[in-house]
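Data first, discussion second: the structure below is written as structure tokens.
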Amino acid sequence: MEFLGGLLADAVRELFGFGAELRRILFLTLAVAGIATVIGVLVGVPLGTWLALTRHRLRNTIDVLVNAGMGVPPVLAGLLILILLWNDGPLGSLDLVFTPMAMVGAQALLAIPIAAGVTAGAIRGLGPAASEQLIALRLASYRRGFVAAREALPGVIAAVAAAFGRVVSEVGAVLIVGGNIEGETQVLTTAIVQQARQAHFDSALALGFVLLIIVALVNVALGRLRSV
Amino acid sequence: MRFTYPADGSQLDCDVDIPTGMRTVVFGPNGAGKSTLLRLLAGTIGENPWDATYLPQTVYHFRGSAGWNLGLGLNAEQAARARHLADRLGVGHLMEATAVSGGERQRFALARTLARPEPWVLLDEPLAALDTQDRINVARVIVEAIGDRSAVIVTHDQDAAVILGQNMVVLIDGAVHQAGPIHEVFAQPADEAVATAVGLGNVLDGIVRATEGPLCSVASGGSAIWGVGDHELGDTVRVMFGAETVTLYAGTPPSVGSARNAFSGMVTEVRPVGRFVEVVLDAGVPIVALLTPGSLEALGLREGVPATAVVKATAVRVVPS
């Protein structure tokens, strides 16, 4: 108990001692996870809306892919992006390995299926009367999707929260494509891994606090949006 | 048109003519497949939707004002028409409201559906969520808004069928039992299931004792009833005729003209049915007649009074049992 209490006190002290380095890590974490979430939502929400409303013959296949994608281990998504971006890979000429851009790509890959799956579930959850009425309105398909997503707004906000939660807290993808280079591609989760590996538990814990606070703040903000 | 639709293990197998330029009521008990038929026409299930405007059975009100809901999917001209219809349906003052009752939602959805220009109008239980006193007014607006377009209107309610329909299809357990002008279906139900479903019928069992051209005479409970049907002497048959085809006389009339069937007996029951009255006469067999309250009073009929029921043979159907 004493050990834990001392650790917590050290962690709080660490938090104020990090200074510029912490600010840099924090900024990169928010930027990478934020952009990845925006991409994930911009692609995933329309995809999920389409999945929930379409009778296209490929629907079931894409449904399976999305559901599988929701459970893909982040390290695997990272590996896929790494192979694509590696020197002699198809996108190797872009020279993006171990850059924040690559991290955004890997995390967007994780965010898209989550955003799509949660959105599709929310729209399907509106029930048969809503889906029948949506067809009966005879709207253009993009308008129909807009009305459906608007109706399922609490679910769509949950999709945003789920996507952000998944990417901000994952470590495998950013580690493998970013390389955890201090001052360049280090984010909160990879910094925690590094500090823990060096037995700097107070620092690791302090970073953990910060991560927790970010997730909490984002969810509070989205929760407010939901009740509007 | 023909439909076979498997859903939930049930089967809808219809082969029926639905005339254009008329309002056809699809009538039947709950679970008969009426709504499934309409969904197939509207294309919310199946593959071949008609060019139709469709009011689903369960009206869904989206988040937002009633006015926003009213305008969904409509262009400016149609939206103006929808607002006009909403006014006539008595909900025009609720445009800004976000919380509206079931009956008000129904009216907004009706206004939106009827404001669309499609040549087919499909309405599923359009009067269901409404109070009895509002139904006539709403029905009048519906009939006017449909105009000379073609309409298919699903209902399980006799009054709604009579008010809204010109033509009638009786659907029972996923099969069409009868189709034709609405008066004809009510007056001459094709079989017992239709007679039970439309609820206005006299249904009696008996044995054929005589035949004459298209007619046969059936002995039932000590009475002889003439009706239409090709049967052999001695056949066991079922006789059916609508309660509204029965003419009642107090006591015994001097003449009943061309009518073949005259049953004298005592009134055993007088019961209100909607805005009408059913009178049951014991003439060896029970005969049910549908009257207006005014006629009942004029005839001075009440329980225990002698009366005579007269039915034309051509209004009586005789079918195998």
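For the reader, a short list of remarks on this structure follows.
- Residue pairs meeting the criteria (Cβ under 8 Å; at least 6 apart or on separate chains; first farther than 25 Å from B:Arg209 by Cα, in the range B:237-259; second open to solvent by 20 Å² or more (accessible area, probe 1.4 Å) and assigned to a strand (DSSP E or B)): B:Glu244/B:Leu290; B:Ala250/B:Pro306; B:Gly251/B:Pro306; B:Thr252/B:Ser264; B:Thr252/B:Pro306; B:Pro253/B:Ala262
- Search result, residues across the range A:74-90 that are open to solvent by 60 Å² or more (accessible area, probe 1.4 Å) and in a loop (DSSP other than H, G, I, E, B): A:Trp86, A:Asn87, A:Asp88, A:Pro90
- Of all residues making up the range B:55-66, the number that are more than 8 Å from chain A (Cβ to nearest Cβ) and under 25 Å from the mean Cα position of the chain (by Cα): 1
- For the range A:91-111, the candidate set comprises residues that are open to solvent by 40 Å² or more (accessible area, probe 1.4 Å) and in a helix (DSSP H, G or I); within that set, the residue that is farthest from the other protein chains (Cβ to nearest Cβ) is A:Ser93.
- Within the range B:237-321, strands (runs of 3 or more DSSP E) holding 2 or more residues that are assigned by TED's automatic domain parsing to the domain that holds B:Arg209, among the aliphatic types (A, V, I, L, M) and surrounded by fewer than 19 Cβ atoms within 10 Å (Cβ to Cβ): B:261-273
- Once the range B:27-54 is narrowed to residues that are under 19 Å from the mean Cα position of the chain (by Cα) and under 23 Å from B:Arg105 (Cα atoms), the residue that is modelled with the lowest pLDDT is B:Asn30.
- Check on A:Thr189, modelled with pLDDT of 90 or more, more than 14 Å from every other protein chain (Cβ to nearest Cβ), touching an Asp or Glu at 6+ places or on another chain (Cβ under 8 Å) and under 30 Å from A:Arg23 (Cβ atoms): yes
- Scope the range B:23-49; condition surrounded by fewer than 18 Cβ atoms within 10 Å (Cβ to Cβ) and either away from chain A (no Cβ under 12 Å) or farther than 15 Å from B:Leu122 by Cβ (or both); matching residues: B:Pro29, B:Asn30, B:Gly31, B:Glu47, B:Asn48
- Restricting attention to the range A:112-139, the residues being open to solvent by 10 Å² or more (accessible area, probe 1.4 Å), closer than 30 Å to A:Gly172 by Cα and touching a Leu at 6+ places or on another chain (Cβ under 8 Å) number 2.
The values are calculated or read from the model by the stated rules, or taken from the named source; none is laboratory data. Since the structure is predicted, the reported quantities are computational estimates derived from the model, not experimental observations. Virtual Cβ from ideal backbone geometry, glycine too; neighbours counted across all protein chains shown. In case anyone asks, the SASA skips ligands and DNA or RNA and just uses the protein heavy atoms, side chains included. Shrake-Rupley method; radii C 1.70, N 1.55, O 1.52, S 1.80 Å.
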